[in-house]
1. Show the residues, 5+ positions off or on another chain, whose built amide H is closer than 5 Å to the amide H of V34.
2. At 222 nm, what helix-only mean residue ellipticity would the chain give, in deg cm²/dmol to the nearest 500, using -39500 (n - 2.57) for each DSSP H run of four or more?
3. What residue among L101, L78, L20 shows peak mean-square fluctuation when the chain is described by a Gaussian network model with Cα springs under 10 Å?
4. How much length, in nm to one decimal, is gained on full extension between E84 and F33, taken as 0.36 nm per residue of separation minus their Cα-Cα distance?
5. Short version: what are the Cα gyration tensor semi-axes of segment 28-71, square root of 5 times each eigenvalue, largest first, in whole Å?
6. Out of residues 5 or more away from M96 or on other chains, whose amide H comes under 5 Å of its own, with H placed 1.01 Å from N in the peptide plane?
7. When the convex hull of the C-alpha atoms of the chain is computed, what volume per residue in Å³ does it have?
8. Run the numbers for Q58 and R9: contour at 0.36 nm per residue of separation, minus the present Cα-Cα distance, in nm.
Amino acid sequence: RKNAPQLMRDSIYAPAAEGLFPNRRINPDSLAFVPFGNGAKFEMAVDSLITASGYPVQVFEAKTPYTVYLGDLDKKLLNQKIQEVLDRPGDRYPGMMVGSLQVANNNAGNWE
């Protein structure tokens, strides 16, 4: 239409962390540290893989061994848990891990 009002668009940007956690102070510099890990950092890495169809896919991996965040528990039980994971079939990691540098797995983890 000739005299129709013009459409005007506007955007307002707000930090997601402040909207989701309004009463928390989040320091991005502390994200690399394992909570209650006595200063230990997550092992983190990034890479690029070529899929079977020939497309490059960016992958990442973040992990920390059980000994870092369960180290204050009974050593015998902790060692049993680690051995239980290592005895499972396949290439298992004895700790918490998200992502993979070998397989493009949509950043799935091992928290089973």
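1. A40, K41, F42
2. Numbers: 3 runs with 22 residues, N = 112.
Estimated from H runs of four or more residues: -5000 deg cm²/dmol.
3. Answer for the Gaussian network model of the chain: L20.
4. Numbers: separation 51, 0.36 × 51 = 18.36 nm, distance 2.62 nm.
Here the answer is 15.7 nm.
5. Details: eigenvalues 180, 28, 6 Å².
Semi-axes (√(5λ), whole Å): 30, 12, 5.
6. Placed amide hydrogens put T64, Y66 under 5 Å from M96.
7. On the way: hull volume 23.7 nm³, N = 112.
Taking only Cα atoms, the chain has a hull volume of 211 Å³ per residue.
8. On the way: separation 49, 0.36 × 49 = 17.64 nm, distance 3.34 nm.
Here the answer is 14.3 nm.
Each value in this text was obtained by applying a stated rule to the coordinates, not by laboratory testing. Source: prediction; values computed, not measured. Cβ sites come from the backbone with ideal geometry, for glycine too, and all protein chains shown count toward neighbours.
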